[in-house]
Amino acid sequence: MFGLSTERAPSPTLVVPYFIFSAIAFLIFSVLLLFSIPELGLHFMNPKILALTHFAALGWISMIIMGAVYQLVPVIFETGLYSQKLGKLNFVIFGLGILGMVWSFWTMHFKNYLFVFGGLVFFAFLLFSFNIFKSIIRSNKCHFSGKLVLSAILWLLLTGLLGFLLTLNYTFPFLKQDQFNVLKTHAHFGMIGWLLFLVMGVSSVLIPMFLVSHDLKDGFLKKALYLCNFALLLISIDWLAFAGTLWISVYFLIFFLGFSYFLKYIFDAYRKKLRKLDVGMKHTMISFVFLLIPAVLAGLLSLSGWLDMPEINQLIIPYGLSIFVGFFSNLILGQMYKTLPFILWLHRYKHLVGKKEIPMPKDLYSEQLAQWQYYIYLLAVLFFALGFLFEKSFLQYTGAVLLIVTALLFNVNVFIIVFSKRQRAFIEI
């Protein structure tokens, strides 16, 4: 971890606000989810479901990922960030757009305000993409991991464009295609093209580094890059141009084949690890196991045309929750303990290495709280899964309460890392 090139790392004043906003958004999302349990059995186009989905995808997951990318791109790819001022402007515009969009969905103000806030979010995507593109293209380290990151940013732009067109369509109807297929395409551009591909690109560098794994085969990443991008392109063309054909299940198989190569790469890193798993890496590694749930659900949904069973569409909400709560949240809950402490350690203590006694990054948060967070989160996922499996709302309510507790513990540790003066005592020795 400390062998990385840290000279070009950006200021914490750029990165930390993304983490704080995201942590608070996770807590608010968990509370809103508790009060939206009845809506989980309704159609996924329900306003509260749309609000929750966008708050999870944008406020909780995308916000913290953007902050992490601003920190990690200069470090991993050994290139200076193009503009920190642009990154700070990006945060303000993105935050305002998220809050306004979620409020518009929750209060059903679709026609008058939604396209304005959707436009802010899309503009924030443009700023972020421009900043990262300009940073990465100057690097000589753009290997397959970097190409996965670049492809993720391209899909982010397409996600934002389709999303903005959908919000605009509420006020000025112009889309002639079936909006359901446009919405599905928009959702998968975001979940797979933007979030998953970015996770693949960044984690293919960070996981081997954190586990101290060597001699991994880049060929697996190459196959994952081309097959997954090719499959998502075919899926989107099928939905947008042909309103969904029976070939969709074939395209998903191609995607799963490509993603299996990425999982093989991660498994090899785990198998060759020289370091034991801490709480952050426990979250990270089990998140990839949890991917089996949305994978199975996606397979069933892709077969709906073959089976002629409309009731399969009732799996859409569990499918989305399994991705956002089961995979991405799990991954972020772990990786926060690997990124934010390092960011602030680097800022506060790097110049004191070898001069005074200083804490390590893992000393900047409560390990006990992190362990409690890990096990309570696992219980939350278990109760949600049982609630959907047996159609018992009291199990879902229990899962939501446990998720709130998880979010509270997570927030406490985030604020300990950012604001606690306990660590500064080392400097005063």
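The table that follows gives values for the structure above.
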item	result
Residue count for segment 219-273, restricted to those that are basic (K, R) and more than 21 Å from L148 (Cα to Cα)	3
Positions within segment 86-117 being basic (K, R) and modelled with pLDDT of 95 or more, in sequence order	K88
Only one of K392, K338 that is under 23 Å from F21 (Cα atoms) and either at pLDDT 90 or above or under 23 Å from the mean Cα position of the chain (by Cα) (or both)	K338
Among (1) among the small types (G, A, S); (2) surrounded by fewer than 24 Cβ atoms within 10 Å (Cβ to Cβ); (3) under 22 Å from F324 (Cβ atoms) - the single one A9 does not satisfy	(3)
When residues of segment 126-177 are limited to those that are polar (S, T, N, Q) and surrounded by fewer than 18 Cβ atoms within 10 Å (Cβ to Cβ), the one nearest to the chain's Cα centre (by Cα)	S139
Complete set of residues in segment 131-175 that are out of contact with any Gly (no Cβ under 8 Å at 6 or more places or on another chain) and among the β-branched types (V, I, T)	I132, I137, I153, T171
Selection count, segment 341-384, where residues are assigned to a loop (DSSP other than H, G, I, E, B) and modelled with pLDDT under 90	8
Matching residues, segment 262-293, being surrounded by fewer than 20 Cβ atoms within 10 Å (Cβ to Cβ), touching a Lys or Arg at 6+ places or on another chain (Cβ under 8 Å) and part of a helix (DSSP H, G or I)	D268
Hits in segment 94-118 (condition: surrounded by fewer than 17 Cβ atoms within 10 Å (Cβ to Cβ) and either of a type outside the set (A, V, I, L, M) or not in a helix (DSSP H, G or I) (or both))	W103, T107, M108, H109, F110, K111, N112
Every residue from segment 220-252 that is part of a helix (DSSP H, G or I), of a type in the set (G, A, S) and either in contact with a helix residue (DSSP H, G or I) (Cβ under 8 Å, 6 or more places away or on another chain) or under 19 Å from V199 (Cβ atoms) (or both)	A224, A231, S236, S249
Any chance F255 is buried (at least 17 other Cβ atoms within 10 Å of the Cβ), more than 19 Å from the chain's Cα centre (by Cα), at pLDDT 90 or above and assigned to a helix (DSSP H, G or I)	no
Residues within segment 131-160 that are modelled with pLDDT under 80 and in contact with a Cys (Cβ under 9 Å, 6 or more places away or on another chain), tallied	0
Qualifying residue in segment 308-315 (condition: at pLDDT below 85, crowded, with 16+ Cβ neighbours inside 10 Å, within 30 Å of F384 (Cα to Cα) and within 23 Å of the chain's Cα centre (by Cα))	yes
Extreme residue, surrounded by the fewest Cβ atoms within 10 Å (Cβ to Cβ), among residues of segment 341-377 that are closer than 19 Å to F410 by Cβ and free of Cβ contacts under 8 Å to residues at least 12 places away in the same chain	Q368
Top-ranked residue in segment 21-58 [being polar (S, T, N, Q) and either under 16 Å from the mean Cα position of the chain (by Cα) or modelled with pLDDT of 90 or more (or both); ranked as surrounded by the fewest Cβ atoms within 10 Å (Cβ to Cβ)]	S36
Residue list for segment 1-20, filter: modelled with pLDDT of 90 or more and of a type in the set (A, V, I, L, M, F, W, C)	L14, V15, V16, F19, I20
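The values are calculated or read from the model by the stated rules, or taken from the named source; none is laboratory data. Here the structure is a predicted model, which is why all the values come from computation and not from measurement. No Cβ is skipped: glycine too gets one built from the backbone with ideal geometry, and neighbour counts run over all protein chains shown.
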